[in-house]
Every structure is written in structure tokens, then in C-alpha cells.
1. Which residue is nearest to Gly144 (Cα to Cα), if the candidates are limited to segment 22-67 and must be in a helix (DSSP H, G or I) and within 28 Å of the chain's Cα centre (by Cα)?
2. Check Ala103, Ala151, Ala109 and return the single one that is surrounded by fewer than 19 Cβ atoms within 10 Å (Cβ to Cβ) and closer than 19 Å to Glu179 by Cβ.
3. Quick one: in segment 325-348, which of the residues that are free of Cβ contacts under 8 Å to residues at least 60 places away in the same chain and among the aliphatic types (A, V, I, L, M) is farthest from Val268 (Cα to Cα)?
4. Quick one: which of Leu41, Leu51, Leu62, Leu58 is crowded, with 20+ Cβ neighbours inside 10 Å and touching a strand residue (DSSP E or B) at 6+ places or on another chain (Cβ under 8 Å)?
5. Picking from Ala267, Ala279, Ala285, which residue would you name as being of a type outside the set (Phe, Trp, Tyr) and under 15 Å from Ala446 (Cα atoms)?
6. Evaluate segment 163-178: report whether one residue or more is more than 23 Å from the chain's Cα centre (by Cα), among the acidic types (Asp, Glu), buried (at least 16 other Cβ atoms within 10 Å of the Cβ) and modelled with pLDDT under 95.
7. Could you check segment 226-241 and list, in sequence order, the residues that are in a loop (DSSP other than H, G, I, E, B) and either surrounded by fewer than 12 Cβ atoms within 10 Å (Cβ to Cβ) or among the hydrophobic types (A, V, I, L, M, F, W, C) (or both)?
8. Can you name every residue in segment 13-31 that is open to solvent by 10 Å² or more (accessible area, probe 1.4 Å) and under 16 Å from Thr87 (Cα atoms)?
Amino acid sequence: MPESTTARTGVTAAAVVLATTPAAHLSCADGTLLDRINDQLVLLPVRDVHLVPQGGGLGADLRGVAKIARICTGPVVLLTADLVAHTEALALLMEHPTRGTGALVSSDATVGPLRPPVRTTGNRVVAAGSSFHTVPDANATFRGVLQVSEADLATLADVADELAELAETGRFGPVSPIEVVDLLLVGLVRSGLPVRAAQIGRLHADRVAAQSAADLAVSRLADVDETQVRLDAAVKSEDGFFTTYFVSSWSPHLVRLAVRLGLTPNAVTGISVGLAVLAAVWFSAGTRNAQVVGAVLLLLSFVLDCVDGQLARFTRGFTPLGAWADGMGDRFKEYAVYVGLAVGYTAGLEAGDGGPDGIWRLAVAAMILQTLRHMVDFSFKGALADARRIGAAWSRSRRSLLESVDAERVAVPAQGVRGLVRRMDRQSLTRWAKKVIVLPIGERMALIAVTAALFNAKVTFTALLAWGALALFYQLLGRLMRSTG
């Protein structure tokens, strides 16, 4: 194994390859499974590769992991050398923008010797098992790849040392070295660390123990188009109704085109802003034809606003500048269009107090309302994140690693209003209605385009104020319920 590899982009990680099983040396088209893992790591953001060889025993392997965790800077990825996986599956962990602690899991809950059970809630692993630890109500399986963030390396080292001591004193019984990464996941979950569940979806990631299993696993990889899976994953699954059905249903074709043209997400953002400015210019003319052209340009601008995020997720070209530019661009585009609409409405007319029919007052009111909605939304998200961090710090307590039956408290179904809301979320019609009522950006752009093309700016601003006020009330009510529940 080489001592280091060159990362493709972004923050690099150290990879710890656990060759604790003879299966690591099974043959495949590119040599051995161990060679195949090494070739894949070259394509991923990996800085250093550390090999934990076979023969040291469970305790020694765990001590080796603890030692590596204490000297590494940046995230550490632990993976087994008997793994046959799509490179894209590994990238779900190693190229995630947060570089946080996470585990590769599959919703296939068929448990086996190399598929320990886990229980996930949302995007979190809340319980993990091994041959020693059972998991009631398991709904997924762990696939042998674990990433630990830099902030959690000290906990990883402590957990590994504690597990090593238990193994060396025989407290685990006949647990074998091939379960090193399984035990580490158990320890991290029980230590209270939040562990992201990276779902492989249609991709494959399987550990194997024999040549026949290795051959079958390798052959299955060709059944999946990794590029298409990656492209599908680039589309947000929780977008608004208009975005989901009228934009994201065909925008991936534009993502492919952008990749072929070599466009960056920031370049697409710039084009989107330019189209919105042109829309504002056309709206400012005030004629019916100009209003229609402006509406078309605005919708194209919004399509590219979706494409820039999808392109960033597809290429994993995440940057703080890109995120800032995207957020600021959205606000600038929308408010520029407001100005263009107001100017167009007053074109050729004598401006009185607040413009004809008070159009400037309506425009400013729409801006203020939208700004207020963003303040409510973002301030609540920030407060919620702070509360979770503080709560985790207060409540974090490590459960015994010798406990054979997972004692993770099963969530009690929510009662009252919050329980009703959760049950309603399971209904497709209700879920989409809740998304539409908050007037997300897709619905706002569609509302502006349609009312401007068919009517005039006064109708546009009146509709934005009425729907926006309803959305603000709904947001405040929802925040209040979540804060007190």
C-alpha cells in the first residue's frame, strides 16, 4: 500500500484499511481486493493510507486504530479490505461537504456475519450491533465503512482503547478481528456521538469471505450506472412542489450539459443572476410583450438556480463562496425583479404619492415581508442547531460496551398536535400542501412570472403579500409548536 495518495478536491482524510481477514487477498480483475481498495482510494480525497495487517488479534487491531486516531489531523475513514463497493458508495462518506462522522449503511436489513444490524432514525444511526451486541427493531445494515470527523477523533481513540481492553481480557468472548469496524461503530453510537447514516441506495457495498462471494459481488457492480445514481442523488428530495415537478424532472439534462461545457457551479450562479437582471430590465419596459419576455427569463433564471446546486452536488464542488453567492444571488435576483416590475408599472405614468396606485409601497412591503420570513427561518434554524449542540453536551453518556442487548430507548409516538402533524406528513397530499403553503422560492418565482405575464405588477405584489403573510403565520405557528414541544 502506498504511504499517501493525492486528494481530488476539498478536505482530505486519512484512510485506515483493516486487512484483518484473509479475504483481503482474494483475487479480482485488478489484483486482490486489497489492491482494488487502494485503487479506489486514489480517486477519493485521501491524504494518507494506514494499513492494519492481519495477525495482531482484535485487541492489537483496536490499539492500532487508537494510535492512528491520536496522531491524525482531519477526518479518518476506516474501511475493511474485504469490501467490494462502488467508488461512489465510498464517496457518499468521504466527499460529503461536512466531513462529519458517519457510517455507510443499506436499507436492506438482511443481517449476516458481515452485515451487522443498525437502527436508523432520519439520517442518524441511533443503534448499532455486532455478534456480541443485538439491536431490537433494526431497519438497516452496516456495510463496513466508517468516517470519523476530526472533532471526534479523541472519542474514537478512547472507544478503541476501551474496546481493546475488553477484548484482551476476554469480556467479549469469541468476537473475531473481522469485527473491528463493527465494534467501533457500536462504541461511537453508544458514546453519544451523532453518526450520520449514509444510505447507499441502489449502489452496492458488501463484505465477502470467499472467492465465489467476491466474484459475485464484483459482477454486481456492473449492474448499476454510478454516474446516473450520482446525478439522481444531486436532485434534492425535499424540494417544493413546483421545483420537484416542473424543474427537477428535467434539469439533470442541463447538469450533464454544464459538465460537458466545463462550467462550475459559481459560473452557473452568475448566469442565473444575469438572466434575472435581464428579466428585471424587460419588466421595466412595462409593455405586455416585455412582461412576457421578462417572465420567461425569470423562469430560466430559476431553472439555473436549481442547476447550480445540482451541479455542485454532482461534482461535489462545495465551497463557502459558492454557498454564500447562491444565497445572496437569490435575494438580489428577487428584489431586482421587484424593482423592475415597479418601474414598468409606472412607465409613462405620472408618479404621485408612492407611485401610481402606491406601487412602490407594495414593492417595498413585499421586500420587507420576504426579508422577515427569511429572518424567522434562518434564526430558528440557528437556534435549533445551538440547542442540539448544548443538549448533546449535557445528555451525552456512554452506555456500557458490554451490554449485549441494545438499550437505546425506543421513541414513543408523539402525542397531541405534534403527533397529528407527523401522521399528516405521511400523507402525500398533506405533505405537498405543507410545502406549498410556505411559499418556497420555486412557488414565488412561478407566482411572479405568471401574474406579471398575464396581469400586472400590482397583482403580482398583492399576491406575494397575501400568500407571504399566510406563509409567515404558518411558519411562526410551526416554530412555536416545535419550540414548546
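1. Applying the filter and picking the extreme gives Ile37.
2. Ala109
3. Val339
4. Criteria check complete, one pass: Leu41.
5. Matching residue, one of Ala267, Ala279, Ala285: Ala279.
6. no
7. Selection gives Val235, Ser237, Glu238.
8. Correct list: Cys28, Ala29, Asp30.
The values are calculated or read from the model by the stated rules, or taken from the named source; none is laboratory data. The structure displayed is predicted, hence computed values, not measured ones. In this analysis, Cβ positions are derived from the backbone assuming ideal geometry, glycine residues included, and neighbour counts consider all displayed protein chains. We work out accessible area using only protein heavy atoms, side chains counted, and drop any ligands, DNA or RNA first. Shrake-Rupley method; radii C 1.70, N 1.55, O 1.52, S 1.80 Å.
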